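Taking it in order: structure first as structure tokens, then the write-up.
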Amino acid sequence: MKHSATLSDEPVPAMAPATWPLPEPALAYFPNARSVSDRDLAAGAVIHLRGGVDMADQQGQFGHLPVLLDRCVELLAPALTRTAADGSGAVVVDATLGAGGHSERLLSEFAGLRVIGLDRDPGALELAGGRLAGFGDRFTAVRTRYDGLADALAQCGYAERRSIDGVLFDLGVSSMQLDRTERGFSYSVDAPLDMRMDPDLPLTAADILNTYDKAALTRILREYGEERFASRIAGAVLRRRETAPFASTAELVELLYQAIPAPARRTGGHPGKRTFQALRVAVNAELDSLRAALPAALAAVRVGGRVVVMAYQSLEDRIVKSVFADATASRTPAGLPVELPGHEPEFTSLTRGAERADAEEIERNPRSAAVRLRAVQRATERGQA
């Protein structure tokens, strides 16, 4: 889920950069995260790191460029304006609120629209809540993972089925969360091995590395990171922790440099990117959450309602593709010449495969380079309880 850090005056312990060469920016580890580059600075970006992130650029003080913003609005607009051109009576769930960029645009574009924003990170809710306060009761924030969508709707007075007009997912980790170095998401600086999107979660990346057996570690690295050296890395982790438990990202990066063969380290990006991704996914149960959230989102939209999802890595996109393929499939037995009544597809696809950002958007917003956007629209009431 996409998150962002809160602006805070509380001091954060300084974390020293790793002592070995780490030439690749965080963008290589999190392709969906926008890194600050010389081009950003030349464009007027101002970054102040305190207990959080204070960024000023062409998008204002929030320093976050929403990905495919115009396209998301274009896809959702027909569902939001069926009753009134200004969106009056329509409700959309921003299932990955983050800094609130997509929600702000939707609320500004449609003066009668109501937005319910979900996020598990209290810092993101504080930041987005301040940003969207001017919209009054048209915006409601709920602290939950996106698989808590049905409960969030109930809290806001809506049924879990056929009660809203749109759902938007912008999956992944935001650059603002990466900039909170103490959260341990990035391998480019030394930090505690945390990786929790929700600071109240009990499990950290250090817990996994220090307590899981080799088989469990291998499975996590292979399934969630698609790491071909998973068994080798897991064995090295067990040997290393016999000496001392893992505590920092620098210790893990050092081990990965030693465990992964030199020829493999020279290709495919930073050697830590797959292991860090795997641990982050495991700590936050990201894929299980997504598998539960997508059916809930599909169930929640009315006929004509739309669900738009942006994914940034293949594991997420495969889940989205599979769920959407099932939702848009006919239930008429193969070989029959006509569609049987009541067996027609429940949804229709609004995109041909996965849409990608064009060169202009990538130049303006580098974190859009990896995005894969898919969208569907409810066509029938089939499956309604």
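The values are calculated or read from the model by the stated rules, or taken from the named source; none is laboratory data. These numbers were taken from a predicted model, which means no experiment stands behind them. Cβ coordinates were reconstructed from backbone atoms using ideal geometry, including for glycine residues, and neighbour counts include every protein chain displayed. We work out accessible area using only protein heavy atoms, side chains counted, and drop any ligands, DNA or RNA first. Shrake-Rupley method; radii C 1.70, N 1.55, O 1.52, S 1.80 Å.
Taking the numbered list (1) outside any helix (DSSP H, G or I); (2) more than 24 Å from the chain's Cα centre (by Cα); (3) crowded, with 20+ Cβ neighbours inside 10 Å in turn, residue 195 passes all entries but (2).
Which of the following residues is more than 15 Å from the chain's Cα centre (by Cα) and crowded, with 22+ Cβ neighbours inside 10 Å: 283, 308, 301? Just one listed residue meets the conditions, 301.
For region 92-186, which helices (runs of 4 or more DSSP H) that fit wholly inside it have 3 or more residues that are open to solvent by 30 Å² or more (accessible area, probe 1.4 Å)? Write out each step before concluding.
Working: elements: 101-109, 122-131, 149-155, 175-179.
In region 92-186, the matching helices (runs of 4 or more DSSP H) lie at 101-109, 122-131, 149-155.
Considering (1) closer than 14 Å to residue 275 by Cα; (2) at pLDDT 95 or above; (3) part of a helix (DSSP H, G or I), the lone condition that residue 239 does not fulfil carries the number (1).
Residues of region 55-87 that are at pLDDT below 95 and either hydrophobic (A, V, I, L, M, F, W, C) or buried (at least 18 other Cβ atoms within 10 Å of the Cβ) (or both): 55, 56, 57, 62, 63, 64, 65, 66, 67. Taking first residues from region 316-329 that are of a type in the set (S, T, N, Q) and partners that are open to solvent by 20 Å² or more (accessible area, probe 1.4 Å), the Cβ contacts under 8 Å between residues at least 6 apart in sequence or on separate chains come to 328/345; 328/346; 328/348; 328/349. Does residue 245 qualify as being within 30 Å of residue 65 (Cα to Cα) and open to solvent by 40 Å² or more (accessible area, probe 1.4 Å)? Considered against the rule, which asks whether it is within 30 Å of residue 65 (Cα to Cα) and open to solvent by 40 Å² or more (accessible area, probe 1.4 Å), residue 245 comes out as no.
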